[in-house]
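Structure record follows, encoded as structure tokens.
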Amino acid sequence: MLFNTEYLQGRDESSHHRPDVYELYSKARNWNDLSQSHMNLAHLLMEEGLCRASLIVGHMAVKAKLKQVYLQSEGMLPLEDICYDELINTIRDFAEINLETELFLNTLQYIAETENATFLPRIDEGHLEKMLERIEGILSCLVVHSVSDAVKIRIEN
């Protein structure tokens, strides 16, 4: 479902190429689907006992969903080089991300992007399962905000 056509009306044709509302819709849909695919893969990796790989892919699912929510709330694509913290900071109020959730997301980023995470092989499967459940809970909360009336680009989930 596409809304907010004023984006197209306010577009300056002389400026560099800016995606139209249909391109934005398509990108939001792709990030939504990518996030779900990553979570499915994270569960498969967990079943195979690949703890770090599972958390890395779970982190990728969160990043895709954050980009989707950014696009939908701001009505534009995030910058190519936007960092994870900026993404969270930009949508914090819109998506009602509390401090506890932000700390969890930052910890997940540390685990996923740090080479020296030697403690990961010792994480038992029960703890990994709880972390993936927490990631899914965060993704579910983000979905609620991505379908709210306040979004500029709406997609059907």
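Just a few scattered comments:
- Residues being under 21 Å from LEU108 (Cβ atoms) and without any contact (Cβ under 8 Å) to a residue 40 or more places away in the chain - total across region 63-79: 5
- Among residues of region 52-82, those that are among the hydrophobic types (A, V, I, L, M, F, W, C), under 12 Å from the mean Cα position of the chain (by Cα) and either assigned to a loop (DSSP other than H, G, I, E, B) or over 16 Å from GLU113 (Cβ atoms) (or both), counted: 2
- Filter result for THR107 (exposed (fewer than 14 other Cβ atoms within 10 Å of the Cβ) and either modelled with pLDDT under 85 or basic (Lys, Arg) (or both)): no
- Output for region 39-61, where each listed residue is more than 11 Å from LEU132 (Cα to Cα) and in contact (Cβ under 8 Å) with a residue 60 or more places away in the chain: GLY49, ARG52
- Residue in region 129-144 that is among the small types (Gly, Ala, Ser), at pLDDT below 90, closer than 20 Å to MET39 by Cα and in a helix (DSSP H, G or I) present: no
- Only listed residue being modelled with pLDDT under 90 and in contact with a Pro (Cβ under 9 Å, 6 or more places away or on another chain), chosen from MET76, MET1: MET76
- Unmet requirement for GLY49, which otherwise passes all of (1) over 15 Å from the mean Cα position of the chain (by Cα); (2) surrounded by fewer than 15 Cβ atoms within 10 Å (Cβ to Cβ); (3) closer than 17 Å to LEU139 by Cβ: (3)
The values are calculated or read from the model by the stated rules, or taken from the named source; none is laboratory data. Just so you know, these numbers come straight off a predicted model, no measurement behind them. Cβ coordinates were reconstructed from backbone atoms using ideal geometry, including for glycine residues, and neighbour counts include every protein chain displayed.
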